[in-house]
Structures are given as structure tokens and as C-alpha cells.
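Report on one structure; see the data block that follows.
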Amino acid sequence: MPDHTTQPQFYRRLFLNTLTLSAFTFGGGYVIITLMKKRFIDQEHWLNENDMLDLTAIAQSAPGAIAVNASILVGYRLAGWRGAAVALMGTILPPLVILSLAALVYTQLITNPWVVWILKGMQIGVAAVIADVVITMVHHVLNHRRALQIVLMLVSFGAAVALNVNVMLIILASGVIGALWLKQAPVLEDVE
Amino acid sequence: MIYLELFLSFFQVGLFSIGGGYAALPLIQNQVVTQHAWLTVSEFADVVTLSQMTPGPISLNAATFVGTRVGGALGAIIATAGVVTPSVIIVMILAAIYVKFKGHHLLEGILGGLRPAVVGLIGSAALGLIILALFGETGLASGLGSIDLKALCLMVVAFIILRKYQLNAILVMSVCGMIGAVLYGLI
């Protein structure tokens, strides 16, 4: 892992990146994961796809909001506890500021039709963004050509969508299955 | 001591909301409505609505809202600190373990199982968001005919632009918001 902290204004960029991502995380924790993938992998080249999936799995396994956990993990992975602190600040500031202001005028806000329409449009944009990222991630799994991983992906998807299985149970089961049947495998290389 | 109560209440919310997202809702309600009466049930419902309209995790949003109501700006900061403290401690421990043992064959096996599962889970979240955007809150229960054609057109265009030109995701979302206001407000 190269040392990114020597890049010019690294901490400033980490802070501004997490701040922007947090300010646009509409629609739940997995949305920030897809935004992080686009920003930290595709644009900044700070992480690779496997790093991001590992951090997501850890973020999901720990208590608390995925967005907060994932930010701490990305910061820590890039620059230790200092990076974690910077990323955490960037992530909690937008909800803190926005909700403090919104708490004052919330009745006007939740009944304003224009706000509702803009949010409806953004919801559509979020759906397009997450669909785009998921397709890239699915390609990535398929490219490894490992049957067990493809089955795990499909079963997790099906279990979450159709059977409404608890997410923690899915994470736990796939970790155990991986530990039992994938440990002899060579370390997965990035197919990019 | 209101600040200490705020911190401890939201600390518990942060510690016990495992699984993310709406898993935290009943915990928050228990703390702020049932145990402390900081909000009424209908105010709590408003916080949930507000949280869907603003960015950020519901637990942080609720912490800021309740904190502001009960103890002003300082209350908001303390409640937010309370809700993220358990995450910070536990995630840092897990991160240290991950960094230390990365490359070990057992951990690589576990991660080899987790990575595709995470892709599946993100895929399920994607499907949920697509259905929500196209069919509204009732989802597919109201039948395929209830599809929102304006939403479908905008989503397809946004998707093609993202795939083809790799435009900034936040820019695409913001433009979609503006187009949404035009599509739903003016047309």
C-alpha cells in the first residue's frame, strides 16, 4: 500500500471528499459505499475494489451507521488514526449542520412541494448511480471466474431481496463459507 | 445533567444498532420517546420523514435533531458524539485486526467469501432504490402498470450518461434533482 499521506494536501482532500460524499448520501448506507467507490477508487486511486469491499464488510459487521463506519475505515486504511479522525469529521459535519438548521424549520420543509420534487429527482439520480456501480462490481466478481464467489453473490442478493434474511446473518455465513472453502486459494489479484 | 443523558442515550443507540439503516429506528424511538420523552410520537415520525429528505444516516440525523431540541447546538454535538463513539472504538479495533492479518490465508478466505456477498447486498439495496424511484412507497404491490414514466426516462438517461461518460456522481444527482423539480413541478 503506497503512502498517500505524502501527496500534496492529502488530509485536506480526504476531509473535503468525505464531507461532499456525506452531504450527498441520500437513500441509506450503501449509497455512500457506491459514491466512495467512484471517488476513492476511480478518481483518487487511493484504494482498489477489493479494499473497498473488505471495508464495506467490516463496516456492516460493526455497530452503528455504515456511512460512519466506512469513513472511519477508509481514513484508517489510508492514514492510520489521523486519517480516521479526519474522515470521521468530514462525515459527521454535514448531517450535524443540515439537521441543526432543518430542526428549526422542519414543518415548512417537509410540507414544501418543491423540496419533495427535487428530492424525487435526486432519488432517481441515486438509483442510477447505485445501478451503475453495482454493474461494475458484478463484472469484477464474474471476472474472477470462481464459481463459489459467483454463487455467494447470487445467494446473498436473493436472500436479501426475496427472503428478507438479516444482513448480519448473510455476512456471517459468507465469511464462514469463505474461511472453509476459499482459504487455499491464491490471494485474489485485481483484474483491471 | 441533560448533556450526560443525551450522550449516554445516543451511545446506546450507536452501540446496539447493528446491521445499519433502519435497524436503528426502534432503538432511537425507545430512547427519545419512551424513556426520555424528548419527542412525542408524532414528532418522532417527523424526524423520520425529515431524515429521508436530508443526507446522512438516520441515527446521526436523529441525534442532531433531538440534541438541538433538548440542549441547543452543544446538545447536538454531544448527542452526535455519543452515537458515533461506539462505532469509532469497535471499528478501529476491527481495522487494526484487518491491517495486521491481511494476507493471512484464513482472513483472505473469509474476505473472499465476504466480497461477493457484499456485492450481492449492495445489489439488493440498488434494486430497492430503483423500485422506490419508479413505483413509489408502495413498490411493486401496486402492479407494473403504476410505473412512473417520467422517473423511468430520467433514470435511463442518467444511467447511460454515467456508464458512458463517467461523469461525477454527485453532479449527476444534483442535475437529476433540478430536472425532477421541472418534471414534477412544472410539467
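Looking at B:I147, B:I179, which one is of a type in the set (A, V, I, L, M, F, W, C) and within 7 Å of chain A (Cβ to nearest Cβ)? If you could, list the steps in order and put the result at the bottom.
On the way: B:I147 fails: within 7 Å of chain A (Cβ to nearest Cβ).
Testing whether each residue is of a type in the set (A, V, I, L, M, F, W, C) and within 7 Å of chain A (Cβ to nearest Cβ) leaves just B:I179.
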**Study point:** Criterion: modelled with pLDDT under 95, closer than 22 Å to A:A127 by Cα and touching a Ser or Thr at 6+ places or on another chain (Cβ under 8 Å) - qualifying residue of A:L53, A:L21
**Key:** A:L21
Review point. Any idea how many residues of the range A:151-172 are under 11 Å from B:S124 (Cβ atoms) and polar (S, T, N, Q)?
Key: 2
Check your understanding: If you check A:L93, A:L78, A:L88, which single one turns out to be more than 9 Å from chain B (Cβ to nearest Cβ), touching a helix residue (DSSP H, G or I) at 6+ places or on another chain (Cβ under 8 Å) and at pLDDT 95 or above?
Key -> A:L93
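So which of B:I130, B:I110 is at the interface with chain A (Cβ under 9 Å from one of its Cβ atoms) and under 15 Å from A:D132 (Cα atoms)? Give the derivation first.
Details: B:I110 fails: under 15 Å from A:D132 (Cα atoms).
After applying the criteria, what remains is B:I130.
Please go through the range B:150-167 and give me each residue that is polar (S, T, N, Q) and either under 15 Å from A:I130 (Cβ atoms) or more than 8 Å from chain A (Cβ to nearest Cβ) (or both), ordered by number. Break it down stepwise before answering.
Quick first cut of the range B:150-167, residues polar (S, T, N, Q) only: B:166.
Result: no residue meets the conditions.
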Review point. Any idea how many residues of the range B:11-55 are of a type outside the set (S, T, N, Q), outside any helix (DSSP H, G or I) and in contact with a Pro (Cβ under 7 Å, 6 or more places away or on another chain)?
Key: 2
Revision key, fill the gap. Only one of (1) outside the structural domain of B:H36 (by TED's automatic domain parsing); (2) at positive phi does not apply to B:G109, and that is (2)
Check your understanding: When the range A:24-60 is examined, which residues are found to be in contact with a Leu (Cβ under 9 Å, 6 or more places away or on another chain), more than 7 Å from every other protein chain (Cβ to nearest Cβ) and touching a residue at least 60 places away in the same chain (Cβ under 8 Å)?
Key -> A:V31, A:K37
Review point. What helices (runs of 4 or more DSSP H) completely inside the range A:82-192 contain at least 1 residues that are touching a residue at least 24 places away in the same chain (Cβ under 8 Å) and either of a type in the set (S, T, N, Q) or touching a Cys at 6+ places or on another chain (Cβ under 9 Å) (or both)?
Key: A:113-143, A:147-161
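The values are calculated or read from the model by the stated rules, or taken from the named source; none is laboratory data. As the structure is a computational prediction, the values presented were derived from the model and not from experiment. All Cβ positions, even for glycine, are placed from backbone atoms using ideal geometry, and neighbour counts span all protein chains on display.
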